[in-house]
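Notes follow once the structure below has been shown.
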Amino acid sequence: MKKKLLLLFVPLLLLLSACLNDPVQDDLLNYSNTEIPKVSELEIQAVEAYDSVSGANYTDDFTMYDTLVDEVIPQYREFIEELEKIEVETDELRALHEDYIKAANTQYNAFAKIVSALEKEDPELIVEANVMLDEARKGMRKYASDIKKLAKEHKVTFEKGEEL
């Protein structure tokens, strides 16, 4: 009787362990807890530097130009290089990570276009750069939304304030 019970229990255990092993969940946990935190500070620094000379903080073209050339663009380039080094194991997460890279590249190119606009004193290029910045923001919001959706599907919860 014990042998029969044990033989029935072992396949059940294997079945349960197969259900518990979710490669997307594992990949997402590694991505959000290990990989993204390694690179996020670079993005934060670059965007904060840009914010310090744009919008309500704008003072003059010279200050914006210097900040973009000396801080924003080099930091953002390094961020993208590190972002591209992240290895993602699952197709679902890889697709979202590629969306993030695409949005980051759009933002980087917008920063470069602003530099060009300032060099050429061309307000049309500023308009084009602002459109690109809007496109990048939309891409980043979509990425964040899609990450939350994938996390929910694979039973990954983020602590409050910890979302990607």
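Read the figures in this text as sums done on the coordinates, not as results from a lab. It should be emphasised that the depicted structure is a prediction, and the values quoted were computed from it without experimental measurement. Cβ placement follows ideal geometry from the backbone for every residue including glycine, while neighbour counts extend to all protein chains displayed.
Observations, loosely collected:
- The stretch between residue 45 and residue 116, if pulled fully straight at 0.36 nm per residue, gains 23.4 nm over its current Cα-Cα span.
- Using θ = phi - 60° in the Karplus curve 6.51 cos²θ - 1.76 cosθ + 1.60, the 3J(HN,Hα) couplings for region 130-144 round to 5, 4, 5, 4, 4, 4, 5, 4, 4, x, 5, 5, 5, 4, 4 Hz; x is entered for Gly and Pro.
- Each label point was placed 7 Å from the Cα along the Cα-to-Cβ direction; for residue 85 and residue 131 their separation is 3.5 nm.
- Label point distance in nm, residue 22-residue 69, each placed 7 Å from Cα along Cα→Cβ: 5.0
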